[in-house]
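Let me give you the structure first, and then I'll get to my questions.
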Amino acid sequence: MHMRRQELQQILMGLFLAVLVVASENDTNVRTKKKRRNKIPDEQRLMTKLLRHYDTAGRPVYNASDTVTVKFGLTLTLIADMDEVNQVLTTNVWLEQEWVDERLKWDPQDYNGLRVLRVPCNKIWLPDIVLYNSADDFTNGYMQSKAMVDNNGTVFWPPPAKFRSSCKIDITYFPFDDQLCKMKFGSWTYDGFQVDVTNRSAKVDLSNYVYSGEWELLEISVVRNEVKYACCDEPYPDVTFTIIIRRRTLYYLFNIIFPCLWLTVLSLLGFWLPPDSGEKITLGITVLLAFSVFMLLIAESMPATSEFVPLIGIYLTTTMAMTSLSIVLTVFVLQLHHVGPHERPVPEWVKFIMFKIVARLLFMRKAIKKAEYGREAKRDEMCLATFGEHHLDIKDTNCNGRLSPLQLSHDRRDRERGSVAFDKISKHLRVLVAKQTYEDNFQEIVDEWRLVAHIMDRFLFWLFFISGFVSSIVILVIRPMYKPTGGTYANT
């Protein structure tokens, strides 16, 4: 019995110790959980402490006479669009704003070496810096990105933004133009004694810039300005970024300028078309309509302003005027070519100018000699066909409708012999010669007018060719060479 009692006591003692161990372990776990629940992260404790009595409406200085200096800069990432019609430049940038907030300071040793804290931007004071020449309606602000706060109170806020700024477009040298656009940033409500805006760096960061296929970035500069208005003695500072860009011309060369040059060549080819083809006027009018279509396409992409006239507009207008004049002169050439039987012969002064002067300048003397030789050969041929080479010699007739004295003597001898048959034949021959002479004279007049029209066609071709070539070189090559450069824009 005594042994059983001892064993029972040992069992009870073991159970009691086991219960104590389990109870102690549970108590330790509960205490550990309570400690974990009561421990707050360093960033949360710091943010709670800094923002406990923070008011975002007041400037971040304890002394109201102190000035908050805001260092402002930007990183240009993309020139998204240049709207020439509305005169708006669209850019993607990363803003850089830095200032000192005296209410956001702490000792890093109290927070396990925490030196930089990311704070939501809507919980701290932010400078009201806006783009003065914005083309938007100001309903959308910057991206609500977090601000980086240093332990000494320095706040750095870099929100990305997309700006649409108004820019006066100078299209004088389009499509070889350079554009100068400015972006003016400043505080909207604070004067320079309360918030002083200054540039953060002397240059703009372009390390993340994505090059545009339409515009080439020539230069971007930053300048700080101060403006005093008549109403107030306080200065109002601003930071102005000047962007100078140049249009890439390859697209316009292949889509506008080269087609215009081809149309100019087509308008010149109208002078080479034969007048009998009936397509000279049709070709000129077709080219004129094509130029009108190009003019409308260019007008749609240009601002509706009367201050500037683009080079391409001047070129198209000049070419259209030349094409219209060529149509008028083509009508005149066709009138010369299709001369009817009621027209008079070519005046002598016209023959002198066209055959002696213009033809010599155009190296067309061979064509005139060929025409004269053709007329003489035709006369000789008609004389042979009329009189017969076995009965009369060509030298015995002057081929003008009258018989030579030798032939008249033969006629008198024949009449003296009383040959009635010969008289009838002689009479018929005179009628035939007179009719043929009239037709030859008429055809000679027509041929001379056609030769005049041919020479006029060649003269107008070279005249318009030289005019078109000179106008193209002057307007599209020489004039853009003397346009203001980027440095000139920057100095103005």
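Using the Kirkwood formula on the Cα atoms of segment 216-321, what hydrodynamic radius do you get, in angstrom to one decimal? Kindly include the intermediate steps, with their values, before the conclusion.
Numbers: mean 1/r = 0.0551 Å⁻¹.
That comes to 18.2 Å for segment 216-321.
Figure the gain on full extension for R115 and H338 (residue separation times 0.36 nm, minus the Cα-Cα span) and round it to one decimal in nm.
70.5 nm
Quick one: net charge of M456's neighbours, Cβ under 14 Å, K/R +1, D/E -1?
+2
Report the accessible area of S301, computed with a 1.4 Å probe over the heavy atoms of all protein chains in place, in Å² rounded to the nearest 10.
Only protein atoms counted, so the area is about 50 Å².
Now for a different question. Which pairs in the list K351/K427; K168/K203; K105/K162; K184/K483; K123/K182; K203/K228 are over 28 Å apart, alpha-carbon to alpha-carbon?
K351/K427; K105/K162; K123/K182
Check which residues have an amide H placed less than 5 Å from N199's amide H, if you skip close sequence neighbours.
Long-range HN contacts for N199: F72.
Carbon and sulfur atoms: what percent of the 1.4 Å accessible area of segment 66-171 do they account for? Walk me through the intermediate numbers first.
Values: 2190 of 4740 Å².
Taking all protein chains in place, segment 66-171 shows 46 percent carbon and sulfur surface.
Let me ask you something else. Of S426, S65, which has the most accessible area and how do the rest follow, probe 1.4 Å?
S65, S426
Below 11 angstrom from the Cβ of W125, what's the summed charge of the other residues (Lys, Arg +1; Asp, Glu -1)?
-1
Using only the Cα atoms of segment 75-205, what do you get for the radius of gyration and for Dmax, in Å?
18.3, 65
Still on this model: Could you tell me what fraction of 2.2 N^0.38 Å the Cα radius of gyration of segment 166-222 comes to, as a two-decimal ratio?
Ratio of Cα Rg to 2.2 N^0.38 Å: 1.54.
Rounded to whole Hz and in sequence order, give me ³J(HN,Hα) for segment 264-271 from the Karplus expression 6.51 cos²θ - 1.76 cosθ + 1.60, θ = phi - 60°, writing x for Gly and Pro.
Each residue of segment 264-271 in turn: 5, 5, 5, 5, 6, 5, x, 6 Hz.
What does the accessible area of R45 come to, in Å² to the nearest 10, when a probe of 1.4 Å is used?
It works out to around 90 Å².
In Å, the Kirkwood hydrodynamic radius of segment 40-106 over pairs of distinct alpha carbons?
On the way: mean 1/r = 0.0634 Å⁻¹.
About 15.8 Å, per the Kirkwood formula over Cα pairs.
Tell me the accessible surface of L51 in square angstrom (1.4 angstrom probe, heavy atoms of protein chains only), to the nearest ten.
Estimated to the nearest 10 Å², L51 gives 40 Å².
Roughly how many nanometres apart are two label points built 7 Å out from the Cα toward the Cβ at T198 and V265?
6.2
Another one. Per residue, what accessible area does segment 96-238 have, given a 1.4 Å probe and all protein chains present, in Å²? Each step should come with its number before you reach the end.
Numbers: 7390 Å² over 143 residues.
About 52 Å² of surface per residue is accessible.
Hey, if we sort E307, E216 by accessible area with the 1.4 Å probe, largest down, what's the order?
Correct descending sequence by accessible area is E307, E216.
With a 1.4 Å probe and all protein chains kept in place, how do R344, R247 rank by accessible area, largest first? Present the calculation step by step, with values, prior to reporting the outcome.
Working: R344 165, R247 10 Å².
The ordering from most to least exposed comes out as R344, R247.
Something else: Could you work out how far the C-alpha centroid of segment 88-109 sits from that of segment 163-202, in angstrom?
20
I've got another one for you. Tally Lys and Arg at +1 and Asp and Glu at -1 over the other residues with C-beta under 13 Å from the C-beta of V287: what net charge comes out?
0
Right, next: Skipping prolines and chain starts, which residues have an amide H placed within reach, meaning under 5 Å, of the one on D205, given they are 5 or more residues away or on another chain?
Amide H neighbours of D205: L74, L76.
If you don't mind, there's one more thing I want to ask. Any chance you could list P(r) for segment 203-264, counting all Cα-Cα pairs in 5 angstrom bins from zero, rounded to whole %?
All Cα pairs, binned at 5 Å, distribute as 4, 13, 13, 13, 10, 10, 10, 8, 7, 5, 4, 2, 1 percent.
Figure the gain on full extension for R103 and K182 (residue separation times 0.36 nm, minus the Cα-Cα span) and round it to one decimal in nm.
24.9 nm
Here is a further query. Tell me, what HN-Hα J-couplings in whole Hz come from the Karplus equation 6.51 cos²θ - 1.76 cosθ + 1.60 at θ = phi - 60° for each residue of segment 95-104, using x for Gly and Pro?
6, 10, 10, 9, 7, 10, 10, 5, 8, 10
Along the Cα-to-Cβ line of N225, 7 Å from the Cα, sits a label point; which residues in segment 157-198 have backbone N less than 14 Å from it?
It comes to 166-168, 181-187, nothing else.
For segment 237-292, what number results from the quotient of the Cα radius of gyration and 2.2 N^0.38 Å?
Its radius of gyration relative to the 2.2 N^0.38 Å reference: 2.04.
The values are calculated or read from the model by the stated rules, or taken from the named source; none is laboratory data. Keep in mind that what you see is a predicted model, and the values were worked out from it rather than measured. In this analysis, Cβ positions are derived from the backbone assuming ideal geometry, glycine residues included, and neighbour counts consider all displayed protein chains. Surface areas here come from the heavy atoms of the whole protein model, side chains and all, with no ligands, DNA or RNA. Shrake-Rupley method; radii C 1.70, N 1.55, O 1.52, S 1.80 Å.
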